[in-house]
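So the structure is just underneath, and the comments pick up after that.
The values are calculated or read from the model by the stated rules, or taken from the named source; none is laboratory data. Everything numeric here is computed off the predicted structure, so don't read it as measured data. So basically every Cβ, Gly included, is an ideal-geometry build from the backbone, and we count neighbours across all protein chains shown.
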Amino acid sequence: MTLNLELDLEPKMMIRDVHIADRPRERLIRQGAPSLSNQELIAILLRTGIKNESVLVLANRVLSAFDKIQDLRDATVEEFIEINGIGQAKAVQLLAAAELGKRLYQKHSEGRYTIRSPEDAAAYLMTDMSALPQEHFVVLFLNVKNEVLHKQTIFIGSLNSSIVHPREIFREAVKRSAASIICAHNHPSGNPTPSPEDIEVTKRLTEAGSLMGIELLDHVIIGDHQFISLKEKGYM
């Protein structure tokens with residue numbers, strides 16, 4: 001108990017104690033953003049620390065609250081606020097930066113993204129889906145040129161043929177005037193090998209699409225930076 005008290009009373013380094021040339025903002029200006037550590041980049045976003053604690057210490061606490069830097073991408077305001085020293089304003093700053101990063105990384109051009117192959121579909125979805133902790137079932141709605149009109153998460157949870165209702169998917173397809181669709185879901189285990197349920201869902205949606213005149217072009221399973229196309233595997 002005494003030891004902890006002594007440690008708590010030790011002065012904590014403040015940003016003013018760091019030589020001006022080594023401060024994150026100055027280093028970014030002088031050396032460029034790639035030269036900064038994750039801690040320094042987060043410190044710039046947070047802008048200020050808290051009483052008796054530098055912004056660099058606070059930034060390190062944010063990093064320590066997550067298993068890996070990629071987890072910040074899907075963090076919520078509530079999760080950020082649980083971190084000591086992070087209030088609503090700082091949580092919103094972090095959340096906005098994470099969302100902007102996701103949007104910048106997506107392979108969107110000024111026009112619509114065109115899908116010509118399973119690789120194109122996987123590239124479009126991989127960044128958002130490969131690190132998700134739960135299964136997400138996503139549908140891409142395409143026009144006659146195979147350009148993405150809309151992307152929508154249909155449900156979150158273990159894939160089950162009784163849960164994935166073709167009517168919900170094709171109702172949205174009609175609403176979007178989609179000519180075809182591509183379905184995708186992730187395997188949090190990292191292994192994209194299709195399960196019997198994956199195959200069953202694919203067959204149901206293929207049949208429903210045939211009746212509706214809106215073709216299911218593919219069902220892509222996303223793993224840990226790898227994917228499997230059920231069309232290429234002959235399940236469609």
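Counting only residues that are of a type outside the set (D, E), in contact with a strand residue (DSSP E or B) (Cβ under 7 Å, 6 or more places away or on another chain) and not in a loop (DSSP other than H, G, I, E, B), how many does the stretch 158-195 have?
9
Kindly indicate which of D198, D218 is outside any loop (DSSP other than H, G, I, E, B), farther than 20 Å from T114 by Cα, within 25 Å of the chain's Cα centre (by Cα) and assigned by TED's automatic domain parsing to the domain that holds A131.
So the residue among D198, D218 that is outside any loop (DSSP other than H, G, I, E, B), farther than 20 Å from T114 by Cα, within 25 Å of the chain's Cα centre (by Cα) and assigned by TED's automatic domain parsing to the domain that holds A131 is D198.
For the subset of the stretch 169-198 comprising residues that are among the β-branched types (V, I, T) and within 16 Å of V138 (Cα to Cα), which member is modelled with the lowest pLDDT?
I169
What is the residue count in the stretch 132-157 for residues that are in a strand (DSSP E or B) and either more than 20 Å from D224 (Cβ to Cβ) or touching a residue at least 24 places away in the same chain (Cβ under 8 Å) (or both)?
15
Tell me which residues, restricted to the stretch 74-87, are surrounded by fewer than 17 Cβ atoms within 10 Å (Cβ to Cβ) and outside any loop (DSSP other than H, G, I, E, B).
Answer for the stretch 74-87, where residues must be surrounded by fewer than 17 Cβ atoms within 10 Å (Cβ to Cβ) and outside any loop (DSSP other than H, G, I, E, B): D74, V77, E78, I81.
Of (1) in a loop (DSSP other than H, G, I, E, B); (2) at pLDDT 95 or above; (3) of a type in the set (S, T, N, Q), T206 satisfies all except one. Which?
(1)
For N186, state whether it is of a type outside the set (F, W, Y) and crowded, with 19+ Cβ neighbours inside 10 Å.
yes
Going by the structure shown, is N60 in contact with a helix residue (DSSP H, G or I) (Cβ under 7 Å, 6 or more places away or on another chain) and surrounded by fewer than 19 Cβ atoms within 10 Å (Cβ to Cβ)?
For N60, the condition - in contact with a helix residue (DSSP H, G or I) (Cβ under 7 Å, 6 or more places away or on another chain) and surrounded by fewer than 19 Cβ atoms within 10 Å (Cβ to Cβ) - is met.
Mind checking which residues of the stretch 20-72 are over 22 Å from the mean Cα position of the chain (by Cα) and part of a loop (DSSP other than H, G, I, E, B)?
R23, G32, L36, R47, T48, G49, K51, N52, S54
State all residues of the stretch 36-49 that are under 18 Å from G87 (Cβ atoms) and either outside the structural domain of A89 (by TED's automatic domain parsing) or buried (at least 16 other Cβ atoms within 10 Å of the Cβ) (or both); if no residue qualifies, say none.
Listed by number, the residues that qualify are I42, A43, I44, L45, L46, G49.
Okay, residues lined up against (1) touching a Ser or Thr at 6+ places or on another chain (Cβ under 7 Å); (2) more than 26 Å from V144 (Cβ to Cβ):
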{"site": "A178", "(1), (2)": "no, no"}
{"site": "P192", "(1), (2)": "no, yes"}
{"site": "K203", "(1), (2)": "no, no"}
{"site": "T206", "(1), (2)": "no, no"}
{"site": "L216", "(1), (2)": "yes, no"}
{"site": "H219", "(1), (2)": "yes, no"}
{"site": "D224", "(1), (2)": "yes, yes"}
{"site": "S229", "(1), (2)": "no, no"}
